[in-house]
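Right, one structure below, let's go through it.
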Amino acid sequence: MNETGSTADAPTGWDFEHQPRRLRTVVLVLAVVIVLVHIAWAFLLVRGDSGVTLGVADQIAFVAVGVILAGVLLTLRRIRVRAGAPGIELRGPFRNRLWRWDDIVGITFPRSSRWPRLELPGYEHTGILAIQTSDGQEAVDAMGGLRAVIQGYKPSAADPESVSDR
């Protein structure tokens, strides 16, 4: 994979693949912090004379809750967008969704948005969470790579001007 996130020689039939770099890093750091804080609580809350008796089972529960919360947070690392012959696939924390080229009207990136939108028939849209403004130039490069792939499969959908006039 090159620095724009494109995998032009992907053997799976995908010409483009991208995941948000900053989100993946922040989520990992936050998950570690959550687990460490819960471990610290497990040890600190049994000290002192607060009038509440906490045992080993309570300590294990504190740590288990931290691990569960961190695990749920880590599902955000799954977010990605892929494009190729089958269409455009968006993967979120809990599900994948593939839109075939016939179902895609275009792709836009509204100025006030943190991520681009996949425009669908009937003036519906879905967010492409894998390309985020917080990634800076990497997001710009990823958007250019995605537009290039869309240009190859459905040229009318790659032009933001034609999409806004639909």
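The values are calculated or read from the model by the stated rules, or taken from the named source; none is laboratory data. Please read all numbers here as calculations on a predicted model, not as lab measurements. Backbone-built Cβ (ideal geometry, glycine too); neighbour counts: all protein chains shown. For the accessible areas, the whole protein counts, side chains as well, though only heavy atoms, and no ligand, DNA or RNA atoms are used. Shrake-Rupley method; radii C 1.70, N 1.55, O 1.52, S 1.80 Å.
Of note:
- Test for Gly136: is it small (Gly, Ala, Ser) and closer than 21 Å to Arg77 by Cα: yes
- Residue match in segment 102-120 (condition: surrounded by 18 or more Cβ atoms within 10 Å (Cβ to Cβ), among the charged types (D, E, K, R) and more than 13 Å from the chain's Cα centre (by Cα)): yes
- The residue of segment 66-94 that is nearest to Glu17 (Cα to Cα), among those that are open to solvent by 20 Å² or more (accessible area, probe 1.4 Å) and β-branched (Val, Ile, Thr), is Thr75.
- Qualifying positions in segment 25-37 - under 22 Å from Leu129 (Cβ atoms), of a type outside the set (Val, Ile, Thr) and surrounded by fewer than 17 Cβ atoms within 10 Å (Cβ to Cβ): Leu28, Leu30
- Of all residues in segment 87-116, those being in a loop (DSSP other than H, G, I, E, B) and either within 26 Å of Arg77 (Cβ to Cβ) or of a type outside the set (Lys, Arg) (or both) number 13.
- Residues satisfying the stated conditions in segment 128-140, i.e. closer than 23 Å to Pro155 by Cα and open to solvent by less than 30 Å² (accessible area, probe 1.4 Å): Ile128, Ala130, Ile131, Ala139
- Residues (under 21 Å from Pro93 (Cα atoms) and either in contact with a Phe, Trp or Tyr (Cβ under 6 Å, 6 or more places away or on another chain) or modelled with pLDDT under 90 (or both)) located in segment 113-132: Ser113, Pro116, Gly127, Ile128, Leu129, Ile131, Gln132
- The lone criterion from (1) free of Cβ contacts under 8 Å to residues at least 12 places away in the same chain; (2) assigned to a loop (DSSP other than H, G, I, E, B) left unmet by Ile131 is number (1).
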